[in-house]
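Written below as structure tokens is the structure these notes are about.
The values are calculated or read from the model by the stated rules, or taken from the named source; none is laboratory data. Predicted model only: the values in this text are computed from it and were never measured. Please note: Cβ atoms are built from the backbone with ideal geometry, for glycine as well, and neighbour counts cover all protein chains shown.
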Amino acid sequence: METKEIVDLSKEYTFFSWSVQGAVNPIPMVKSEGIFFWDSDGKRYFDFSSQLMNVNIGHHHPKVIRAIQEQAEKLAFAHPGMATEPRAMAGKKIAEITPGNLKKTFFCLGGAEANENAIKIARFYTGRHKILSRYRSYHGATFGAIALTGDYRRLAVEPAMPGAVHFLDPHCYRCPFGWTRETCHRECIKHVEEVIQYEGPQTIAAIIMEGVTGSNGLIVPPDDYWPRIREICNKYGILLISDEVMSGWGRTGEWFAVNNWNVVPDIITTAKGITSGYTPLGAVIVSEKIADFFEDKYLYCGLTYSAHPLCLAAAVATMEVYEEDGLLENARKVGKYLGQRLEGMKQSHPSIGDVRYIGLFSAIEVVKSRETKEPMPMAEFGKYLREHGLFTFIFNNIVFVVPPLCITADQLDEGLSIIEGALAITDAEAVVLEK
């Protein structure tokens, strides 16, 4: 098909998510490899958001493609009540790499489904109904997951699932409690316990948080944040759920983001990087204690495509790629270099208000004024990136730098040079406003 036909038919007959339909201008993507993809006119793009922060191993890895092909030839689908070889292998491998005593997995098709089922499991296990989550969060778009989501997307579809309660975030650059990094009193942690007291600890089943907040601005918490929330949950008998849909699978240089702070949650929910997006798959991984609870109790969780053999074959191959290609090590090594580059860019570009990074999970916050932190309009910035062959996710005034974990330092530099070209536009605007 010609480029125009691909775009026109896609717009006429399909919906595009999170957008005004008449305003969408999609790239007609036709092939991909490594950290790049190409449109139907042959233009190459750096993929600096791993599509949507999920193609962690890079595009078109032959090992995973081959695993999907071989599984399709043997067994393309199985009833969710069947035991299959990829199911056995995936479950065992996940138990080997998850922290602490997290052992047993319920498989689904994505992050929202994982969080939906985690809600049910937490409520069954505790006998309580409330779930606490943060305002700057995204946990999915289905009925329960969107209720947990704190951002603007929740408001349009309310009323959603009852029992969801939100609390404020550990956002050091825009501290909701008025502190700076130098004067911080960790009110963001004390605040959580205060909310628990107001809501009644005996009513709260779980606290769910992204390991590192993703699409709401990539917020890396202070080092004592996760450990102290773990202590609070232990104090009140509340389950701790780490949503590792985006921050898991090597993205921060560890299998899961919580590993950076040596915290063992009661439940991990995940998706995205578990197959690197090659097939849809989500997972709810629970502790042995929770798993044992259901040995003599009915598990009210079920999906037609739970434990889909094609998806699990892809997951097994993907987990092997992480290890064989040394991608966690590369995320740490290149991620350290990325952090240095971002700090240098912040010094050179007056429109950069903040840079946030951990492993190959990073973002640049662009502002009109460093003093006021007023967000910078980004339309021209985004247009420049696309015209110069770089694709990434931009949320309001925040530019994500989240490339596949196979990226090299040289490739990173080449992509960052395009971003610096776009920053010349915002620098000029920031300088004018600050004169």
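Output the residues belonging to the range 79-103 that are of a type outside the set (Ser, Thr, Tyr), outside any helix (DSSP H, G or I) and crowded, with 17+ Cβ neighbours inside 10 Å.
Scanning the range 79-103 gives Pro99, Leu102, Lys103.
Looking at Glu365, Glu420, which is the one that is surrounded by fewer than 21 Cβ atoms within 10 Å (Cβ to Cβ) and in the same structural domain as Ala331 (by TED's automatic domain parsing)?
Result of the check over Glu365, Glu420: Glu420.
Over 30 Å from Lys31 (Cβ atoms), touching a residue at least 40 places away in the same chain (Cβ under 8 Å) and among the hydroxyl-bearing types (Ser, Thr, Tyr), is that true of Thr252?
Details: over 30 Å from Lys31 (Cβ atoms): no; touching a residue at least 40 places away in the same chain (Cβ under 8 Å): yes; among the hydroxyl-bearing types (Ser, Thr, Tyr): yes.
Spelling it out, it is not the case that Thr252 is over 30 Å from Lys31 (Cβ atoms), touching a residue at least 40 places away in the same chain (Cβ under 8 Å) and among the hydroxyl-bearing types (Ser, Thr, Tyr).
Being without any contact (Cβ under 8 Å) to a residue 24 or more places away in the chain, over 27 Å from Ile274 (Cα atoms), among the β-branched types (Val, Ile, Thr) and in the same structural domain as Lys120 (by TED's automatic domain parsing), is that true of even one residue in the range 149-167?
Yes, because at least one residue in the range 149-167 is without any contact (Cβ under 8 Å) to a residue 24 or more places away in the chain, over 27 Å from Ile274 (Cα atoms), among the β-branched types (Val, Ile, Thr) and in the same structural domain as Lys120 (by TED's automatic domain parsing).
Kindly provide the set of residues from the range 170-193 that are more than 24 Å from the chain's Cα centre (by Cα), within 14 Å of Arg228 (Cβ to Cβ) and in a loop (DSSP other than H, G, I, E, B), ordered by number.
Scanning the range 170-193 gives Cys184, His185, Arg186.
Kindly indicate whether Asp41 is exposed (fewer than 14 other Cβ atoms within 10 Å of the Cβ) and at pLDDT 95 or above.
So Asp41 fits the description; yes.
Show the residue pairs that are 6+ apart or on different chains and have beta-carbon atoms under 8 Å apart, the first residue being within the range 414-432 and more than 23 Å from Tyr337 (Cα to Cα), the second being hydroxyl-bearing (Ser, Thr, Tyr) and modelled with pLDDT of 95 or more.
Ile425/Tyr384; Thr426/Ser351; Asp427/Ser351; Glu429/Ser351; Ala430/Ser351; Ala430/Ser369
With (1) modelled with pLDDT under 95; (2) surrounded by 23 or more Cβ atoms within 10 Å (Cβ to Cβ) as the list, and Glu113 as the residue in question, which single condition is left unmet?
Evaluating Glu113 over (1) modelled with pLDDT under 95; (2) surrounded by 23 or more Cβ atoms within 10 Å (Cβ to Cβ) leaves (1) as the failure.
In contact with a Leu (Cβ under 8 Å, 6 or more places away or on another chain) and among the aliphatic types (A, V, I, L, M): is that true of Ile358 in this structure?
Working: in contact with a Leu (Cβ under 8 Å, 6 or more places away or on another chain): no; among the aliphatic types (A, V, I, L, M): yes.
Judged against the criteria, Ile358 is not a match.
Just to confirm my filter: which strands (runs of 3 or more DSSP E) fall fully inside the range 1-78 and include at least 3 residues that are hydroxyl-bearing (Ser, Thr, Tyr)? Quick ask: steps written out before the conclusion?
Values: elements: 29-33, 36-39, 44-47.
The strands (runs of 3 or more DSSP E) meeting that bar number zero.
Which residue is surrounded by the fewest Cβ atoms within 10 Å (Cβ to Cβ), if the candidates are limited to the range 317-332 and must be among the hydrophobic types (A, V, I, L, M, F, W, C) and farther than 30 Å from Leu75 by Cβ?
Leu328
Within the range 253-276, can one find any residue that is assigned to a helix (DSSP H, G or I), within 18 Å of Thr126 (Cα to Cα) and not polar (S, T, N, Q)? Talk me through it step by step, then tell me what you get.
Within the range 253-276, the subset assigned to a helix (DSSP H, G or I) is 257-261, 272-274.
Imposing the further condition that a residue be within 18 Å of Thr126 (Cα to Cα) reduces the set to none.
Within the range 253-276, not a single residue is assigned to a helix (DSSP H, G or I), within 18 Å of Thr126 (Cα to Cα) and not polar (S, T, N, Q).
Suppose we keep only residues that are over 21 Å from the mean Cα position of the chain (by Cα) and in a helix (DSSP H, G or I) within the range 306-316. Which one would you say is surrounded by the most Cβ atoms within 10 Å (Cβ to Cβ)?
Ala313
Name the single residue, out of those in the range 137-169 being out of contact with any Lys or Arg (no Cβ under 6 Å at 6 or more places or on another chain), outside any loop (DSSP other than H, G, I, E, B) and among the aliphatic types (A, V, I, L, M), that is surrounded by the fewest Cβ atoms within 10 Å (Cβ to Cβ).
Leu155
Among Val284, Val258, which is the only one that is crowded, with 23+ Cβ neighbours inside 10 Å and touching a Cys at 6+ places or on another chain (Cβ under 8 Å)?
Every option except Val284 fails the conditions.
Would you mind telling me which numbered condition in (1) surrounded by fewer than 22 Cβ atoms within 10 Å (Cβ to Cβ); (2) under 30 Å from Arg174 (Cβ atoms); (3) touching a helix residue (DSSP H, G or I) at 6+ places or on another chain (Cβ under 7 Å) Gly344 fails?
Among (1) surrounded by fewer than 22 Cβ atoms within 10 Å (Cβ to Cβ); (2) under 30 Å from Arg174 (Cβ atoms); (3) touching a helix residue (DSSP H, G or I) at 6+ places or on another chain (Cβ under 7 Å), the lone unmet condition for Gly344 is (3).
Can you tell me which of Ala291, Ala283 is assigned to a helix (DSSP H, G or I) and at pLDDT 95 or above? Step through it out loud before you land on a result.
Details: Ala283 fails: assigned to a helix (DSSP H, G or I).
Step by step, each of Ala291, Ala283 is checked, and only Ala291 is assigned to a helix (DSSP H, G or I) and at pLDDT 95 or above.
Among Asn216, Asn234, which is part of a helix (DSSP H, G or I) and out of contact with any Pro (no Cβ under 9 Å at 6 or more places or on another chain)? Give the derivation first.
Working: Asn216 fails: part of a helix (DSSP H, G or I).
On inspection, the qualifying residue turns out to be Asn234.
Can you work out which of the residues in the range 368-389 that are more than 11 Å from Thr426 (Cα to Cα) and either of a type in the set (Asp, Glu) or outside the structural domain of Ile407 (by TED's automatic domain parsing) (or both) is surrounded by the fewest Cβ atoms within 10 Å (Cβ to Cβ)?
If we take residues in the range 368-389 being more than 11 Å from Thr426 (Cα to Cα) and either of a type in the set (Asp, Glu) or outside the structural domain of Ile407 (by TED's automatic domain parsing) (or both), then Glu371 is surrounded by the fewest Cβ atoms within 10 Å (Cβ to Cβ).
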